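A.B. asks: Can you read through this structure? Questions will come right after.
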Amino acid sequence: MQLRQDVSLKPYNTFGIDVPAEYYCDVTSIDDLREATELKQQKHILGGGSNLLFTKPVQGVVIHNRLKGISVEKHDAQHVWLRVEGGELWHDFVLYAINKGLGGIENLALIPGTAGAAPIQNIGAYGVEARETIDSVTFWYWNEQQLLTYTNRECDFGYRDSIFKHRLKDKAFIKSVVFKLARKPVYNTSYGAVSKELEEMGVTELSVKAIAYAIMHIRKSKLPDPAVLGNAGSFFKNPTIPLSSFNKLLERYPKLPSYPVNDKMIKVPAAWLIEQCGWKGYRKGDVGVHEKQALVLVNYGTARGAEVWGLSGEIMASVKERFGIELEREVQCW
Ligand code: EPU
C-alpha cells in the first residue's frame, strides 16, 4: 500500500470539488486494510465520492476503497446470493445482475457511487431500496482490527440511513455486500414515470433489463451526469411531517404532492418545496440548483464546497420560512 501526501481529491468526488487530502491511499486487498489500520492519522473512508461535499482540506488520511470482484456466494431454486466487493461501481454490479436475469436491484440502475456505499446510504430510487435485497454486509472494524459480518437486520436500515451513518460512522470499511437476488423477479413498476417510460419504449413483456433500461432513460433525462456537471444527486432528504401539519399546508397549497408513511406521518418531496421557493434553475457564480430537478445542487466548474454548503443553507432557511418544514441534508460533509 502506497501512502501519498497532499493529493487532490477532485477526481474522487462527483461534485468535482478541488481540495487536498493531507494523506491518501488506495486499499485493494485485506493486507492493505491491515496496513492502513496501523496508520496513526485520523482516518476518512472514501467510496465513490458521490454523496460527499468537501468544504475544507481533509486532515488525516483518506482511505479509498478499491476492492474489486463479484462472485456467487450460493444459490437455490429461487434465489442467487451475489457477493460484491465494496469498491465495485454500483452500476456495474446492476448490469452484471440484469445480464444474468436476476431481479431486485434493476430499479437502482445508474445510481452513482460504489457497491460499498449502497448499505451505508441504503440507496433507493423508483420505489425500491437496497435494504430489500441486502442479505449481509462484511466490514473491517477499525476498533477491533477484524472483519465482522452484519445481517440485514443488524444494519438498522432506514430511509437513506443505516448503522454505518451512526454507531459505526467512520469505524467500518465495507469490504463486501451480499445481495439476495431473485431468479423469478417480482417487478416494481409502481412509480408512474416507470410505467409511462416502459409504455413509450413499447415494452409488452416485462424483464429486469427492460425496467433497468427504462430507469436509465428516465435518470438520464432528469438528473445531471456527474461526468458532465458536478453534483451529488439529491442534496436533501424528502422530509417526513405529521399528518396534522400536512393537512394545514394542503389548505394553502392544494397541489402539494405526498407519499403516505404511516397513519401519523406523511412524506413530501423536498424538490417541490424548493421549486415553490423559486430556487429551481438558480445560479450564483459556479454554484446552482439544477434546472430539471430542484433537489440537486450543481457545480458549474470551480465552485468551492463552502459555497455549495452556503447555498444549501439559504434554501433550507427559505423552505423553513415558507412551509415551516426543516429540510435535512442527505449529502455527507467533510
Ligand atoms: N418535483 C418538483 N420539482 C422538481 C422535481 C420534482 O416539484 O424540480 C416533484 C415531482 O413533480 C414529484 C415529486 O417532486 O411530484 C418527486 O419527484 P421525483 O419523482 O423526481 O423524486 P424525488 O423525491 O425528487 C427521490 C429520490 C431520488 C430518486 C427519485 C426517484 C430522495 C432524497 N431522492 O427524488 O434519489 O432518484 O426519488 O425515485 O429520496 C438520490 O438520492 O440521490 C436520488 C437521486
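A.B. asks: Among the numbered criteria (1) within 21 Å of the chain's Cα centre (by Cα); (2) within 25 Å of VAL194 (Cβ to Cβ); (3) surrounded by fewer than 17 Cβ atoms within 10 Å (Cβ to Cβ), which one does CYS333 miss?
C.D. replies: Single failed check for CYS333: (2).
A.B. asks: Residue under question is GLU22, and the condition is that it be of a type in the set (Asp, Glu) and either at pLDDT 95 or above or buried (at least 22 other Cβ atoms within 10 Å of the Cβ) (or both); does it hold? Don't jump to the end; show me each part of the working.
C.D. replies: Details: of a type in the set (Asp, Glu): yes; either at pLDDT 95 or above or buried (at least 22 other Cβ atoms within 10 Å of the Cβ) (or both): yes.
So GLU22 fits the description; yes.
A.B. asks: With segment 37-94 as the region, which strands (runs of 3 or more DSSP E) entirely inside it contain at least 1 residues that are of a type in the set (A, V, I, L, M, F, W, C), more than 17 Å from GLN5 (Cβ to Cβ) and under 16 Å from the mean Cα position of the chain (by Cα)? Give the derivation first.
C.D. replies: Numbers: elements: 43-46, 58-65, 70-75, 79-85.
Fully inside segment 37-94 and qualifying: 43-46.
A.B. asks: For the list (1) touching a Lys or Arg at 6+ places or on another chain (Cβ under 8 Å); (2) under 27 Å from HIS91 (Cα atoms); (3) not in a loop (DSSP other than H, G, I, E, B), I need the number of the one condition that ILE274 fails.
C.D. replies: (2)
A.B. asks: Still on this structure: Among the residues of segment 85-111, what is the count of those that are within 14 Å of the ligand (Cβ to nearest atom) and more than 23 Å from PRO226 (Cα to Cα)? Break it down into steps so the answer makes sense when it comes.
C.D. replies: Here is the first cut: in segment 85-111, the residues within 14 Å of the ligand (Cβ to nearest atom) are 90-91, 94, 105-111.
Keeping just the survivors that are more than 23 Å from PRO226 (Cα to Cα) gives none.
The qualifying residues number 0.
A.B. asks: Identify the residue in segment 112-132 that is of a type outside the set (Gly, Ala, Ser), surrounded by fewer than 24 Cβ atoms within 10 Å (Cβ to Cβ) and outside any helix (DSSP H, G or I) and, among all such residues, is nearest to the ligand (Cβ to nearest atom).
C.D. replies: TYR126
A.B. asks: If you don't mind, there's one more thing I want to ask. Could you check segment 227-255 and list, in sequence order, the residues that are in a loop (DSSP other than H, G, I, E, B) and buried (at least 17 other Cβ atoms within 10 Å of the Cβ)? Walk me through how you get there before you give the answer.
C.D. replies: First pass over segment 227-255, keeping only residues in a loop (DSSP other than H, G, I, E, B): 227-229, 235, 237-239, 253-255.
Hits for segment 227-255 are LEU229, PHE235, LYS237, ASN238, PRO239.
A.B. asks: Kindly evaluate ASP18 against the criterion of being part of a strand (DSSP E or B), over 22 Å from LYS175 (Cβ atoms) and over 18 Å from the mean Cα position of the chain (by Cα). Outline the logic, then answer.
C.D. replies: On the way: part of a strand (DSSP E or B): no; over 22 Å from LYS175 (Cβ atoms): yes; over 18 Å from the mean Cα position of the chain (by Cα): yes.
When the stated conditions are applied, ASP18 does not pass them.
A.B. asks: Still on this model: Among the acidic types (Asp, Glu), in contact (Cβ under 8 Å) with a residue 40 or more places away in the chain, within 13 Å of the ligand (Cβ to nearest atom) and closer than 24 Å to ILE111 by Cβ: which single residue out of GLU330, GLU291 fits that description? Quick ask: steps written out before the conclusion?
C.D. replies: Values: GLU291 fails: in contact (Cβ under 8 Å) with a residue 40 or more places away in the chain.
Answer to the check: GLU330.
A.B. asks: In segment 156-211, how many residues are part of a loop (DSSP other than H, G, I, E, B), of a type outside the set (Val, Ile, Thr) and more than 16 Å from the ligand (Cβ to nearest atom)?
C.D. replies: Start the filter on segment 156-211 by keeping residues that are part of a loop (DSSP other than H, G, I, E, B), which leaves 156-157, 159-160, 162, 166-171, 183-191, 201-207.
Narrowing the set further to residues that are of a type outside the set (Val, Ile, Thr) leaves 156-157, 159-160, 162, 166-171, 183-185, 187-188, 190-191, 201-202, 205-207.
Next, only the ones that are more than 16 Å from the ligand (Cβ to nearest atom) stay: 156, 166-171, 183-185, 201-202, 205-207.
Within segment 156-211, residues that are part of a loop (DSSP other than H, G, I, E, B), of a type outside the set (Val, Ile, Thr) and more than 16 Å from the ligand (Cβ to nearest atom) number 15.
The values are calculated or read from the model by the stated rules, or taken from the named source; none is laboratory data. Source: prediction; values computed, not measured. All Cβ positions, even for glycine, are placed from backbone atoms using ideal geometry, and neighbour counts span all protein chains on display.
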